[in-house]
């Protein structure tokens, strides 16, 4: 169960067998169905998830409309990070798109793990850096790229998601309407 986790973290930091035992005792395994809310707007996000299998969507609700902020897939850490890190009510919802197999750690247990295994700080920093890079690329794309360019980049980088994620969710993530995305797709074929 932890093989995928270590494949992801080993290029960043390598843990001793005793450290691995502490990590494995800190995380729990959880299977959740499709459309399951892992974190909810207005509630404090108390858990961080490592996705072994499945897809998770982070979205905002504005005027009754769900606006997708990010789509997490296998081998990524997912949470409503702002809420999780500050332990304040979330402005986002984290919901599964597919049935998911997850490794789960609570905020309290992660804080203890930082004390027990100082190398965890390096892992957390690298994950945070990747989140920053992803966020910066997304922001830059919204400022600099046309909707068609955003779609083309998404297709090139995450083409597998086009087969796994409902297209209205992808359109929301790209900041375009489903009708516009359909037109873009037709022009590209």
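The values are calculated or read from the model by the stated rules, or taken from the named source; none is laboratory data. Note that the structure is predicted; figures quoted are calculated from it, not measured. As a convention, Cβ positions derive from the backbone with ideal geometry for all residues, glycine included, and neighbour counts pool all protein chains shown.
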Segments classed as strands (runs of 3 or more DSSP E), wholly inside the range 26-92, with at least 2 members that are crowded, with 19+ Cβ neighbours inside 10 Å: 37-39, 47-53, 56-62, 65-72
Those residues of the range 1-23 which are assigned to a helix (DSSP H, G or I) and within 21 Å of residue 112 (Cβ to Cβ), in sequence order: 5, 6, 9, 17, 18, 19, 20, 21, 22, 23
Helices (runs of 4 or more DSSP H) wholly inside the range 115-189 containing at least 2 residues that are surrounded by 14 or more Cβ atoms within 10 Å (Cβ to Cβ) and under 18 Å from the mean Cα position of the chain (by Cα): 120-144, 147-158, 167-174
Count - residues of the range 81-90 that are touching a residue at least 40 places away in the same chain (Cβ under 8 Å) and either under 15 Å from residue 50 (Cβ atoms) or out of contact with any helix residue (DSSP H, G or I) (no Cβ under 7 Å at 6 or more places or on another chain) (or both): 4
Matching residues, the range 88-136, being under 18 Å from residue 15 (Cβ atoms) and in contact with a strand residue (DSSP E or B) (Cβ under 8 Å, 6 or more places away or on another chain): 103, 105, 110, 113, 127
Options 12, 23; residue that is touching a residue at least 40 places away in the same chain (Cβ under 8 Å), surrounded by 12 or more Cβ atoms within 10 Å (Cβ to Cβ), more than 17 Å from the chain's Cα centre (by Cα) and more than 16 Å from residue 105 (Cα to Cα): 12
Contacts under 6 angstrom Cβ, first residue in the range 33-59 being free of Cβ contacts under 8 Å to residues at least 40 places away in the same chain, partner crowded, with 19+ Cβ neighbours inside 10 Å, 6 or more apart: 58/92; 58/94
Residue tally, condition outside any strand (DSSP E or B) and surrounded by 15 or more Cβ atoms within 10 Å (Cβ to Cβ), over the range 93-106: 2
First in the range 125-150 and over 11 Å from residue 175 (Cβ atoms), second anywhere and outside any helix (DSSP H, G or I), Cβ under 7 Å, 6 or more apart: 126/12; 127/77
Some residue of the range 139-157 being within 22 Å of residue 61 (Cα to Cα) and in contact with a strand residue (DSSP E or B) (Cβ under 9 Å, 6 or more places away or on another chain): no
Test: residue in the range 24-31 that is at pLDDT 95 or above and more than 29 Å from residue 115 (Cβ to Cβ): yes
